[in-house]
1. Using the Karplus curve 6.51 cos²θ - 1.76 cosθ + 1.60 with θ = phi - 60°, work out ³J(HN,Hα) for each residue of the stretch 203-219 in order, rounded to whole Hz, and write x for Gly and Pro.
2. Take ARG268 and ARG223, extend 7 Å from each Cα along the Cα→Cβ direction, and tell me the distance between the two endpoints in nm.
3. Rank CYS229, SER244, ILE123 by how far each Cα sits towards the positive end of the charge dipole of the stretch 119-258 (+1 on Lys, Arg Cβ; -1 on Asp, Glu Cβ) and give me just the farthest.
4. Compute the acute angle (0 to 90°) between the alpha-carbon long axis of helix 19-41 and the principal axis of greatest extent of the alpha-carbon atoms of the chain; round to the nearest 10°.
5. For labels at SER177 and THR254 in the simple 7 Å Cα→Cβ model, what's the distance in nm?
6. Which label marks the calculated value of P(r) over Cα pairs in 10 Å bins from 0, in percent, given the options (1) 5, 21, 22, 15, 13, 12, 8, 3, 0; (2) 5, 19, 22, 13, 6, 4, 5, 6, 7, 7, 4, 1, 0; (3) 6, 27, 35, 23, 7, 1?
7. Using Cα-Cα distances under 8 Å and only pairs 6 or more residues apart, what relative contact order does the chain have, in percent?
8. Fully extended, how many nm does the chain gain between VAL19 and PHE127 (0.36 nm per residue separation, minus their Cα-Cα distance)?
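Laboratory data are not the source of any read-out in this text; all were calculated from the coordinates shown. The shown structure was predicted, so the numbers you read here are calculated from the model rather than taken from an experiment. Glycine also receives a Cβ, built like all others from the backbone with ideal geometry; neighbour counts cover every protein chain displayed.
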Amino acid sequence: MTFVITTGYGIYHVQFGIVLIGYLALASAIFCALTMWQLVRSNPLPVNYYGVVLCQFFALLLTCYFYGIRGLVLVTPFVSGVFFLFPFRNALWLSCFFVGFALIASYPSIELKLYIRLAVAQIITLFFTIAFSHVVYRQQALLEKEAYYDYLTEVLNRRGFFKWLTSELQSIESTNSDLALFYLDLDKFKAINDTYGHPIGDKLLVAFANRILSALRHEDLIRSNLQVCNFARIAGDEFALAISQLHSKEAAKTIATRIMQAIDQPFRFEDVVIHVSMSVGICFASQSKFDLNRLFKNADSAMYFSKSSGRNQANFYLESDQPSP
């Protein structure tokens, strides 16, 4: 709707000889079209979009300065586009900034009483735009959580972890760094479920995930929006942990030992005390040519070697040999 209105507004002014404002309105329509295209593609925001916003902002200020009321008409579609294109917090500050400057720029060309009415109308419109955008933002955040986070443990699920790790592998490959993937599996979890029931099994998985996180150092965890990105529940009783800037087996072995010592402590749920162990497989990204699927396959292979060798141990994947302790 915003695109249609802005396009019609621009064509109308071009046809009736007000060429400058017509072209600026059409530029606003192009910005709206780019916004819709971005939403359809669902891709991360490219850097050049900030340039588009900056050019549109100056066009908006010039329109408001020379044409007053007509310029203010462009504020609403512009702010709407900003809210759908940028993260909510950034869009909130940008929209307030844009509306404030647009009102200042239009002041010399509008009568005071009319200017006050227009300012109030723009502020009210901005308020409702923010309110609506906040609802959309919260809904999107909820959908994202359902798509990328495990419903039980509230850590990343397989899809969310793969999405983050794909980007991380590209980053560390370009900087000649490395990453260690730890594939973690609870030993004999099925027997625990059969003995104590699924409710206790679910509580154990939650406690297991929390204990691993608490055993790690602050620098071992990578967070985004207060959520841990480098630890996930992959499936059932299988978890994965990826730690960047690790270049030696000794450092990775130290982390694996710290986690296993934490898990070795008994888990207590009401009157039930459960002792568990876990098997760990470790593979470095450089060993897998920074390929996501190969990295997981190799770490999984090392983990199953740990299970077949007696469980409750950690093994590294070796390309030319069997996984080694």
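1. 4, 5, 4, 5, 5, 4, 5, 5, 5, 5, 4, 6, 7, 7, 6, 4, 6
2. 2.8
3. Toward the positive end, the furthest listed residue is ILE123.
4. 20
5. Each label point lies 7 Å from its Cα, and together they span 1.8 nm.
6. Computing P(r) over Cα pairs in 10 Å bins from 0, in percent and matching it to (1) 5, 21, 22, 15, 13, 12, 8, 3, 0; (2) 5, 19, 22, 13, 6, 4, 5, 6, 7, 7, 4, 1, 0; (3) 6, 27, 35, 23, 7, 1 gives (1).
7. Once normalised by length, the contact order is 13 percent.
8. 35.7 nm
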